[in-house]
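First the structure, in the form of structure tokens, and then the observations on it.
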Amino acid sequence: MRRFLWISFPLIKGQFHQFVDLKKILHHPQTAWVILFTSLMVTIVAWRVSEQSLNQRLQDRLKNKTEDLVGAISQRMLEYEVSLDALNAFFQASDHVSRADWRTFVETLDIKDHFPGIQALGYSPMFPAEDLASWESRVRQDGFADFRVTPAEPRDVYTSIIYIEPFDARNRRAFGYDMYSEANRRNAIDKARDTGEPAVSGIVTLLQETESDVQPGFLVYSPL
């Protein structure tokens with residue numbers, strides 16, 4: 001059995017003709033077009049308002065994310081500078097820093113946990129061409145018989161990665177490299193030397209990168 005709920009509306013005498021006229025208007029073709037046009041306009045306006053509101057929310061979220069990212073990068077760079085300051089102080093407080101001393105100090109810093117993102121901490125002297133043989137000889141006496149400064153092309157001024165830690169397989173690829181031979185690195189080295197402040201290089205491909213999954217990197221130089 002089906003059941004219904006309903007409401008009835010009596011038409012007051014005199015309103016019946018108005019109801020009939022209204023019915024005719026609603027069924028007129030032009031009325032249908034007016035209703036369609038009005039509906040479309042209302043839909044377009046609602047869509048535009050909704051789109052603007054959504055775009056504003058997206059812009060606000062992007063701004064907040066960007067500020068968070070910039071803050072995180074700035075904090076990370078400060079941490080990197082702290083590690084360089086610690087190494088600089090270690091050199092200043094020592095009459096001589098040996099290769100073993102360097103390794104022990106870097107291990108104490110525990111860069112993997114305390115300074116994530118650092119591939120290596122290194123020490124590089126700068127010297128004129130006439131001292132090249134002397135520097136290569138010093139490193140060879142440390143047990144690296146095949147050590148040489150690379151690249152081999154003659155130049156007036158050299159640098160060389162003498163100490164680098166962790167001294168793992170990837171970082172050994174950079175051992176002996178003259179960073180002054182490459183423009184991005186050289187510009188940062190010159191800036192650090194001239195200002196006495198840490199300087200960041202442009203984007204480079206680190207010597208530690210392998211042939212697969214190569215990713216860009218950069219270096220921070222602090223004058224000693």
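The values are calculated or read from the model by the stated rules, or taken from the named source; none is laboratory data. Not measured: the values here are computed from a predicted model. Counting neighbours? That spans all protein chains shown, and the Cβs are built from the backbone with ideal geometry, glycine included. All accessible areas refer to the heavy atoms of the entire protein, side chains included, with ligands and DNA or RNA removed. Shrake-Rupley method; radii C 1.70, N 1.55, O 1.52, S 1.80 Å.
Here are a few things to note about the model shown:
- So residue 165, is it of a type in the set (Asp, Glu) and either touching a residue at least 40 places away in the same chain (Cβ under 8 Å) or over 24 Å from residue 215 (Cβ atoms) (or both): yes
- Residue that is under 24 Å from residue 73 (Cα atoms) and either of a type outside the set (A, V, I, L, M, F, W, C) or modelled with pLDDT of 95 or more (or both), where the choices are 196, 143: 196
- For the stretch 64-91, the tally of residues that are among the polar types (S, T, N, Q) and open to solvent by 80 Å² or more (accessible area, probe 1.4 Å) stands at 2.
- Some residue of the stretch 128-146 being among the aliphatic types (A, V, I, L, M), surrounded by 12 or more Cβ atoms within 10 Å (Cβ to Cβ) and under 32 Å from the mean Cα position of the chain (by Cα): no
- Hey, residue 117 part of a strand (DSSP E or B) and either in contact (Cβ under 8 Å) with a residue 60 or more places away in the chain or of a type in the set (Gly, Ala, Ser) (or both) or not: no
- Residue match in the stretch 92-99 (condition: without any contact (Cβ under 8 Å) to a residue 60 or more places away in the chain, surrounded by 10 or more Cβ atoms within 10 Å (Cβ to Cβ) and over 30 Å from residue 204 (Cα atoms)): yes
- For the stretch 152-168, the criterion of a residue being of a type outside the set (S, T, N, Q), farther than 28 Å from residue 76 by Cβ and buried (at least 17 other Cβ atoms within 10 Å of the Cβ) is satisfied by at least one position.
- Taking every residue in the stretch 73-88 that is more than 16 Å from residue 199 (Cβ to Cβ) and pairing it with any residue that is assigned to a helix (DSSP H, G or I) and open to solvent by less than 30 Å² (accessible area, probe 1.4 Å), at least 6 positions away or on another chain, the pairs with Cβ-Cβ distances below 8 Å are 86/109.
- Scan the stretch 174-222 for residues that are in a loop (DSSP other than H, G, I, E, B) and either open to solvent by less than 40 Å² (accessible area, probe 1.4 Å) or more than 16 Å from residue 157 (Cβ to Cβ) (or both) and the total you get is 25.
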